[in-house]
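The values are calculated or read from the model by the stated rules, or taken from the named source; none is laboratory data. Given the structure is predicted, the values throughout are model-derived calculations rather than measurements. As a convention, Cβ positions derive from the backbone with ideal geometry for all residues, glycine included, and neighbour counts pool all protein chains shown.
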Amino acid sequence: MSEHSTYTPGNSVEKWLDDRLPVVRFAKEHLMDFPTPKNLNYWWTFGAILVMCLGIQIVTGIILAMHYTPNVAMAFDSVEHIRRDVNGGRIIQAVHAVGASMFFVALYIHMFRGLYYGSYKAPREIIWILGVLIFILTVATAFMGYILPWGQMSFWGATVISNIFSAIPVVGENIKQLVLGGFAVGNPTLNRFFSLHYLLPFVIAAIVGLHIWALHVPGNNNPIGVEVKESRDTVAFHPYYTMKDLFAMVVFMIPFAWFVFFAPDILGHPDNYIMANSQVTPAHIVPEWYLLPFYTILRAIDFNVLFIDSKLGGVIAMGGALVMLLILPWLDTSKVRSGTFRPMFKWFYWLFAINFVALTYLGAQPAEGIYTVLAKVCTAYYFIYFLVVLPVLSRIETPKPLPTSISESVLGKAHA
Amino acid sequence: MATQAEHSSTNRRDFLYVATGAVGAVGAAAVVWPLINQLNPDASTLALASIEFDVGAIPEGQSVTITWRGLPVFVRHRTAAEIEEARAVPLADLKDPQTDEERVKEGHEQWLVMIANCTHLGCIPVGESGDFDGWFCPCHGSHYDSAGRIRRGPAPANLVVPPYEFVSDTLIQIG
């Protein structure tokens, strides 16, 4: 969209700089004048909210690292030290911990928005795939961060997840020892997870850069999924969407602040306020809520399939759940992007959303009785949605007529 | 003729390209390997690889949990009834077939020594519980019998018996 440059250097200093390093031109074209569809709704503000979340985590994280000690003897106490002794540490630590949860709230909304409006479809496949990579890296970062307070859930969460590696045939045990730096989770594990937890957010930030770069090639998708056809379909990013995004950020910060100030521990688990003990397993291990859907899929496979035992089967299913997202652009071949104009897709989409919430709920329940049955049903639908529903709908569904342009749809709504 | 030679098959320059590239790749791998290998268990971790433990103090029908290589290890002094129960199980009933004799040392059948991590995802099973008078893992519901063999649930294998031997009648060396 940079073919029509909107920047003219104002004075000789700007001209001098523009000939050497055109940062001002870049900012003007991509952060201010970038032509953005004029019909974006509030679901489109979560990209900016996520940039804010990443910023919050990086800033609070760097501060926490100034007071934290990554050693099994001292880690648990150093987190308490941050919460009790460090000036403002109580709030900064709470913002970081609550921030992780809020990050995933925004991340899931952002992903489900893309799923509904078909934002993964051509020519935006790379944007979507980079987004899935960001999601996977964020999961890894959050998981390693949860180890650092060295409580019981930290330790046993790490034990359970690192045992996933041992499901790999032949070399699994060696890979597990390579990851942990020992035969069990211990001091070497804590040290390297701290190092990687500090590194990965910057890798994420770099991929976010690519994600936005890829976005700025075709420009934004929009709620009707019809491409921008002329300049009156768009408005400048600044001030129209900078202000809209800022407003959404402020609204997003209200529940965020409520958690930080009034219930900083409500999203955590009481067992994590007991220091890690390699001799005692908590009665009921649950991962953080944002990992539960995938944890349910891992646990749902409790039967052998041919030569694949249940443990490896669970790991394959969990990895497969992420692979579904990566190959999604080629599973849904319907030419219509927006779910608004797909009468059948809509139903399956909302069923998928409810199913995802159910997977989250089931991950927190004990693996027994009716829960194991429901976990299998929900896991099955997760895969059926991608592998059967989307490819079949693409062929048999008759979409509703599309508006001819963004302007027509906006004006039509105003007159209706 | 010369043009034809340049276009056909391989010449000296191609060989030099491939040879240089290969040496470079080997060099890069040689540099990367130590950077990965540092993640493997270090000398101080490996130094804990062997311990001795006196089982004599454990009364019949009780267990202790000790630490070996950072892993919890169950040492159980089994009752005669438990041993009998374990031996009565037909191998066909087992998911990971192993006789009771294979899981203990000859002449010391009452001592069961096992790594206390569930073979599913590593939680510590609870002793003297489950449907088979052995262990029950509360994390994902695996049941083990009185020989520590998997009987029901998601775990793929029996509780692991570490390498150990009886140094004397009551002293075991693990590792």
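Just to verify a result, which residue in the range A:130-158, among those that are of a type in the set (Phe, Trp, Tyr) and within 28 Å of A:Asn277 (Cα to Cα), is surrounded by the fewest Cβ atoms within 10 Å (Cβ to Cβ)? Write out each step before concluding.
Of all residues in the range A:130-158, those of a type in the set (Phe, Trp, Tyr) come to A:135, A:143, A:146, A:150, A:155-156.
Subsequent filtering for residues that are within 28 Å of A:Asn277 (Cα to Cα) retains A:143, A:146, A:150, A:155-156.
Values: A:Phe143: 18, A:Tyr146: 24, A:Trp150: 25, A:Phe155: 30, A:Trp156: 27.
My answer is A:Phe143.
Could you go through the range A:326-338 and let me know if any residue there is at pLDDT below 95, surrounded by fewer than 16 Cβ atoms within 10 Å (Cβ to Cβ), over 25 Å from the mean Cα position of the chain (by Cα) and away from chain B (no Cβ under 12 Å).
yes
On the basis of being more than 23 Å from B:Gly153 (Cα to Cα), surrounded by 16 or more Cβ atoms within 10 Å (Cβ to Cβ), under 18 Å from the mean Cα position of the chain (by Cα) and in the same structural domain as B:Cys123 (by TED's automatic domain parsing), does B:Arg69 make the cut?
Details: more than 23 Å from B:Gly153 (Cα to Cα): yes; surrounded by 16 or more Cβ atoms within 10 Å (Cβ to Cβ): yes; under 18 Å from the mean Cα position of the chain (by Cα): yes; in the same structural domain as B:Cys123 (by TED's automatic domain parsing): yes.
Yes: the conditions hold for B:Arg69.
Might you let me know whether the range A:155-173 holds any residue that is touching a residue at least 40 places away in the same chain (Cβ under 8 Å), at the interface with chain B (Cβ under 9 Å from one of its Cβ atoms) and in contact with a Cys (Cβ under 8 Å, 6 or more places away or on another chain)?
Yes, because at least one residue in the range A:155-173 is touching a residue at least 40 places away in the same chain (Cβ under 8 Å), at the interface with chain B (Cβ under 9 Å from one of its Cβ atoms) and in contact with a Cys (Cβ under 8 Å, 6 or more places away or on another chain).
Under 24 Å from A:Gln57 (Cβ atoms), more than 14 Å from chain B (Cβ to nearest Cβ) and either in contact (Cβ under 8 Å) with a residue 40 or more places away in the chain or among the small types (Gly, Ala, Ser) (or both): does that describe A:Phe237?
no
Which ones in the range B:72-86 are touching a Ser or Thr at 6+ places or on another chain (Cβ under 8 Å), without any contact (Cβ under 8 Å) to a residue 60 or more places away in the chain and either crowded, with 21+ Cβ neighbours inside 10 Å or more than 30 Å from B:Ala47 (Cα to Cα) (or both)?
Across the range B:72-86, the qualifying residue is only B:Arg76.
Of all residues in the range B:28-66 being touching a residue at least 24 places away in the same chain (Cβ under 8 Å) and exposed (fewer than 14 other Cβ atoms within 10 Å of the Cβ), which is nearest to A:Leu190 (Cα to Cα)?
B:Ala49
Would you please name the residue that is nearest to the chain's Cα centre (by Cα), looking only at residues in the range A:18-34 that are under 14 Å from A:Thr242 (Cβ atoms) and not in a helix (DSSP H, G or I)?
Only one residue fits best here, namely A:Phe34.
Given the residues A:Val105, A:Val79, which is the only one that is touching a strand residue (DSSP E or B) at 6+ places or on another chain (Cβ under 9 Å) and closer than 22 Å to A:Val260 by Cβ?
A:Val79
Report every pair of residues separated by at least 6 positions or lying on different chains whose Cβ atoms are under 7 Å apart, first residue within the range A:392-406 and more than 13 Å from A:Asp332 (Cβ to Cβ), second assigned to a helix (DSSP H, G or I) and of a type outside the set (Gly, Ala, Ser).
Pairs that qualify, where the first residue is more than 13 Å from A:Asp332 (Cβ to Cβ) and the partner is assigned to a helix (DSSP H, G or I) and of a type outside the set (Gly, Ala, Ser), are A:Lys400/A:Phe341; A:Lys400/A:Pro343; A:Leu402/A:Phe341; A:Ser405/A:Asp233; A:Ile406/A:Asp233.
For the range A:266-286, how many residues meet the condition of being in a loop (DSSP other than H, G, I, E, B), away from chain B (no Cβ under 11 Å) and touching a residue at least 40 places away in the same chain (Cβ under 8 Å)?
Of the residues in that region, 5 qualify.
Please verify whether the range A:6-17 includes one or more residues that are in contact (Cβ under 8 Å) with a residue 60 or more places away in the chain and in a loop (DSSP other than H, G, I, E, B).
Taking every residue of the range A:6-17 in turn, none turns out to be in contact (Cβ under 8 Å) with a residue 60 or more places away in the chain and in a loop (DSSP other than H, G, I, E, B).
Just one of B:Asp96, B:Asp100, B:Asp54 is within 13 Å of chain A (Cβ to nearest Cβ) and among the acidic types (Asp, Glu); which is it? Quick ask: steps written out before the conclusion?
Numbers: B:Asp100 fails: within 13 Å of chain A (Cβ to nearest Cβ); B:Asp54 fails: within 13 Å of chain A (Cβ to nearest Cβ).
Being within 13 Å of chain A (Cβ to nearest Cβ) and among the acidic types (Asp, Glu) holds for just one of B:Asp96, B:Asp100, B:Asp54, which is B:Asp96.
Identify, please: which residue in the range A:287-315 is surrounded by fewer than 20 Cβ atoms within 10 Å (Cβ to Cβ), in a loop (DSSP other than H, G, I, E, B) and not aromatic (Phe, Trp, Tyr) and is, among those, farthest from the other protein chains (Cβ to nearest Cβ)?
A:Leu306
Of everything in the range A:229-254 that's outside any helix (DSSP H, G or I) and either under 24 Å from the mean Cα position of the chain (by Cα) or aliphatic (A, V, I, L, M) (or both), which residue is surrounded by the fewest Cβ atoms within 10 Å (Cβ to Cβ)?
A:Ala236
Can we say A:Ile92 is surrounded by fewer than 19 Cβ atoms within 10 Å (Cβ to Cβ) and under 18 Å from A:Ile254 (Cα atoms)?
no
Out of all the residues in the range B:131-154, which are under 19 Å from A:Asp309 (Cα atoms) and in a strand (DSSP E or B)?
Selection gives B:Cys137, B:Ser142, B:His143, B:Tyr144, B:Ile150, B:Arg151, B:Arg152.
Is it true that A:Met111 is out of contact with any Lys or Arg (no Cβ under 9 Å at 6 or more places or on another chain) and at pLDDT below 95?
no
Mind counting the residues in the range A:180-209 that are buried (at least 20 other Cβ atoms within 10 Å of the Cβ), of a type in the set (A, V, I, L, M) and without any contact (Cβ under 8 Å) to a residue 40 or more places away in the chain?
Of the residues in the range A:180-209, 1 are buried (at least 20 other Cβ atoms within 10 Å of the Cβ), of a type in the set (A, V, I, L, M) and without any contact (Cβ under 8 Å) to a residue 40 or more places away in the chain.
Can you tell which of B:Ala157, B:Ala116 is surrounded by fewer than 18 Cβ atoms within 10 Å (Cβ to Cβ), among the aliphatic types (A, V, I, L, M) and facing chain A (nearest Cβ under 9 Å)?
B:Ala157
So B:Val26 fits all but one of (1) part of a helix (DSSP H, G or I); (2) within 14 Å of chain A (Cβ to nearest Cβ); (3) modelled with pLDDT of 90 or more; what number is the exception?
(2)
All but one of (1) within 11 Å of another protein chain (Cβ to nearest Cβ); (2) at pLDDT 90 or above; (3) closer than 30 Å to A:Leu178 by Cβ hold for B:Val64; state the number of the condition that does not hold.
(3)
Could you tell me whether B:Thr20 is modelled with pLDDT of 90 or more and either within 11 Å of another protein chain (Cβ to nearest Cβ) or outside any loop (DSSP other than H, G, I, E, B) (or both)?
Taking the combined requirement at face value, the residue satisfies it.
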